[in-house]
Amino acid sequence: MKYVLKPVLTAAAVLVLASCGDGGPTASPRQQLLDRLAASVAEGKILYGHQDDLSYGHAWKVEDVTGDPLERSDVRDVSGSFPAVVGFDLGALELGRTANLDNVPFALMRRAALTHVERGGIVTFSWHPWNPLTGEDAWGMPAERAVASVLPGGERHDFFMGWLRAVGDFFDTLRDAEGNRIPFIFRPWHEHTGSWFWWGRDHCTVEEYVALFRMTHDYLAAERGMDNIVWCYSPGRESDEAMYMERWPGDDVVDLMGLDCYTYLGEDGIEAAVARYKEQVGGALDYLTRLGEEHGKLICLSETGFEGLPDPHWWTEALYPTIQDRPIAYVLTWRNACDKPTHFYAPWDGFEHAADFKAFSEKEDIVLLNL
Ligand code: BMA
């Protein structure tokens, strides 16, 4: 079966690519992926992504880790196409478990990522590691000193380097049929402008956060020689421009400026929630567009969604008008849990508001992975 991303590169995009200078077949896989994303942005396209899309969906999951053809997808069931971008999470890999924090076997994750890339899609990895100091999960509190403890000189440094080694070992298995490492996006230490993770704002200093990000980059990019990773930085919705840049790890270690921002239903109802979302994301995309130009980086909406999709028109009336005409490489909505009936961020076959997503997916500038 042949899979192509719609649309194919136009002559104009190829020109933009050529003018970048460092692209072309001899560029690193990282640069090739960046060039591909840049060309898509230059065409005014936005790739659509969905977390864990091929591993499970609302009320189903892949059982046969090694043999399943990985052709099921809630997004595909509704729109006819796979998402262009699929997200995966490494959480619990560091503990030596065989499945991640959401019960996705790493063997399945590897196969799904490779399959998606072979079909012409793009993959991204996030990581919700356990707290290396207390043994709690990523959210476990208190979280004081966890970041400090893993930096050079800290009491958990050697231990934590073992965790980075485990991530590097997994990444090293992501190779195509020719044995080449596939390019992918890695988005570690996300939503650090909030304080719900142990690497959050209240639990470490600016210098410590930056050191953590840079240590992760140095280990994988320099020590392990992984020139196939596009590095994404993704603060949360509480950011204003100053907070967004407060813990910026550096132009030399970040490729993609992301943002994680959801629609949250408060007591004031759906309409108010959507209005807040549009203002928040719209405002953030204003400064992100500017920052992206200043720093020479691509931007993206690295996580978004409205849990349970209670708004029948969220895709076409909340998300789409907020991202339309913005130079964002991709937008990714979070996972459709198979074991929590209300925890989903993309529609599924039979969902009452599925038509709105289909209309979104058919917009000229929204790109999915077509058969
Ligand atoms: C959260 C929820 C959790 C999940 C975590 C990591 O937003 O979806 O159920 O464990 O992400 O994927």
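Structure values in brief
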read-out: Test: Val78 is among the aliphatic types (A, V, I, L, M) and without any contact (Cβ under 8 Å) to a residue 60 or more places away in the chain; value: no
read-out: Breaking point among (1) away from the ligand (no atom under 16 Å from the Cβ); (2) buried (at least 22 other Cβ atoms within 10 Å of the Cβ), for Pro321; value: (2)
read-out: The listed residue being more than 20 Å from Ile182 (Cβ to Cβ), within 17 Å of the chain's Cα centre (by Cα), within 16 Å of the ligand (Cβ to nearest atom) and of a type outside the set (Asp, Glu), out of Gly57, Gly49, Gly91; value: Gly91
read-out: The range 94-107, subset hydrophobic (A, V, I, L, M, F, W, C) and within 15 Å of the ligand (Cβ to nearest atom), residue nearest to Ala138 (Cα to Cα); value: Leu101
read-out: Qualifying positions in the range 188-225 - closer than 21 Å to Gly140 by Cβ and in contact with a strand residue (DSSP E or B) (Cβ under 7 Å, 6 or more places away or on another chain); value: His190, Glu191, Thr193, Gly194
read-out: Single match in Tyr277, Tyr287, Tyr244, Tyr264 (criterion: more than 23 Å from Asp172 (Cβ to Cβ) and in a loop (DSSP other than H, G, I, E, B)); value: Tyr264
read-out: Among the candidates Arg335, Arg326, residue that is surrounded by 24 or more Cβ atoms within 10 Å (Cβ to Cβ) and within 30 Å of Asp227 (Cβ to Cβ); value: Arg335
read-out: Answer residue from the range 338-369, given it is among the acidic types (Asp, Glu) and surrounded by fewer than 19 Cβ atoms within 10 Å (Cβ to Cβ) and is nearest to the ligand (Cβ to nearest atom) among those; value: Asp339
read-out: Filtered residue count, the range 290-331, keeping only those that are over 18 Å from Phe344 (Cα atoms) and either in contact (Cβ under 8 Å) with a residue 60 or more places away in the chain or not hydrophobic (A, V, I, L, M, F, W, C) (or both); value: 21
read-out: Members of the range 96-115 found to be under 19 Å from the mean Cα position of the chain (by Cα) and more than 20 Å from Ala337 (Cβ to Cβ), listed by number; value: Arg110, Arg111, Leu114, Thr115
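All of the numbers you see were taken from the coordinates with simple rules; none came from a lab. Just so it is clear, the model here is predicted, and its values are computed rather than measured. Note that we place each Cβ from the backbone using ideal geometry, even for glycine, and neighbour counts take in every protein chain shown.
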